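Just below is one structure, and these are the notes that go with it.
Just so you know, all these numbers are worked out from the coordinates, no wet-lab data involved. Please read all numbers here as calculations on a predicted model, not as lab measurements. Here the Cβ positions follow ideal geometry from the backbone for every residue, glycine too, while neighbour counts run over all protein chains shown.
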Amino acid sequence: MNSKVAVVILNWNGVNLLHQFLPSVVSHSGDADVYVADNASTDDSIGYIKSNFPMVKIIRNGRNGGYAGGYNDALKQIKSDYFVLLNSDVEVTANWIQPIQELMDADTKIAACQPKVLSYNNKSKFEYAGASGGFIDRYGYPFCRGRIFDSCEVDEKQYDDTECCFWATGACLFVRAESFEKAGKLDEDFFAHMEEIDLCWRMQQFGYKIMVCPASVVYHVGGGTLSQQNAKKTYLNFRNGLGLLLKNLPLRMLWYKLPLRIVLDQIAACKFLVDGKIDDFKAIGKAHRNFLWNFNKWRSKRYHHQRKNLLPGVYDGSIVWKYFVSKQKKFSVLDEHKFTR
């Protein structure tokens, strides 16, 4: 008999992370089924799980399809009401599932939800990937309550209210199985980074809501696969950011927002160059070339029934301007009236 909640940890050659973090997941996940979906690892991940956690179910993916492909391959083999897509470098806490499950049980329009994500290495601060709910500005730059670009705030319970947001972090993503299927699963062309934002955007096009529930708390190391300083991460973020807009923006907005986004990216590239980050400078150029080369492929994925009204959690301004020019680096100082609700 399958449980109502399936916690699914994606693993690729991460035996050390499983050794460190799997015990907390097993200990605190109650009646949920715990799975490890292995992306064709070549280390001893499978042997370690079998020897130490026989209650954990193993799914062997035949390839390393990245985050999107790995989860798509694994989740089609699981029958459950809710999937929890959990990074292998996350420490969960007691009672981390119940508040979110109760919230989603009470409102079938909630397609996805995340907990409050704090830094494993500095537990007083929010963590980069998700913090206390994801938002997006008018040009498609994502940010969070508690984290704007690389500035992570101290958690002083200032963002402890449960509310709608634009996207929920893929580091710990609770998703309704029915909504996941209806929205078309994860887009494997993203490979890694921003695929959860794309999924949440598509779910909202179907009329679903995305939530953050800070009553649930987890601690995330971050950079378990690619560190924040890795140029490949820069490449993926900038390429996928453009794909995200081309796929999902209504045509009346796309024609001017996409060119503006490209200009803003070029400004970011110049800043990398001035700062001596040559690899990141080159990564943005490579990202733009790849996006333009695959322009028609991204365009073919467009969802042709975009809702006319702005979706909740969009900041009608430039987070780049606010952060780098106005020096406003905290979510709480942003103009509240500029957020769509």
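A compact table of results
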item	result
Potential extension, residue 42-residue 337 segment - 0.36 nm per residue separation minus Cα distance	101.1 nm
Karplus-derived HN-Hα couplings along segment 130-135 (A = 6.51, B = -1.76, C = 1.60, θ = phi - 60°), whole Hz, x at Gly and Pro	x, 6, 10, x, x, 10
Residue 127 long-range amide H proximity, modeled H, under 5 Å	117, 118, 119
Segment 229-300: radius of gyration and largest Cα-Cα distance (Dmax), Å	12.4, 38
Share of Cα-Cα pairs in segment 114-163 lying beyond 17 Å, as whole percent	28 percent
DSSP beta bridge pairing in the chain, given as percent antiparallel to the nearest 5	45 percent
Packing-based ranking, highest mean first, of 287-298, 123-134 given that Cβ atoms within 10 Å are counted	123-134, 287-298
For peptides 83-96, 58-71, sequence by mean Cβ density within 10 Å, most packed first	83-96, 58-71
C-alpha center-to-center spacing [segment 156-200, segment 272-296] in angstrom	26 Å
Out-of-range pairs (alpha-carbon distance over 20 Å; input 271/329; 116/338; 182/301)	116/338
For segment 5-220: relative contact order, % (alpha-carbon pairs under 8 angstrom, 6 or more apart)	25 percent
5 angstrom amide H check on residue 96, placed H, neighbours 5+ away	none
Relative contact order for segment 229-300, counting Cα pairs under 8 Å that sit 6 or more residues apart, in percent	48 percent
Calculated FRET efficiency for the pair residue 182/residue 316, C-beta based, R₀ 45 Å, to 0.05	0.95
Residues with amide H under 5 Å from that of residue 10, placed H, sequence gap 5 or more	37, 86, 88
Residue of 194, 253, 104 that the Gaussian network model of the chain assigns the largest fluctuation, springs spanning Cα pairs under 10 Å	253
Under the span-like rule (Cα at least 18 Å along the axis, Kyte-Doolittle mean at least 0.0), DSSP H helices of the chain	15-28, 251-274
Anchor residue 277: lysines whose Cα lies under 18 Å away (excluding residues fewer than 8 positions away in-chain)	232, 233, 286
Geometric extent, Cα atoms of segment 5-220 - Rg, Dmax (angstrom)	16.1, 50
Theoretical gain in end-to-end length, residue 215 to residue 50 [0.36 nm per residue, Cα-Cα removed]	56.1 nm
Listed residue (152, 117, 184) projecting farthest to the positive dipole end of the chain, Cβ model	184
Cβ-based charge dipole, segment 5-220, positive-most Cα from 165, 141, 175	175
Residue-averaged [θ]222 nm for the chain, counting only DSSP H segments that reach four residues, each worth -39500 (n - 2.57)	-11000 deg cm²/dmol
Sites residue 123 and residue 256 - FRET efficiency at Förster radius 35 Å, r taken between beta-carbons, to 0.05	0.25
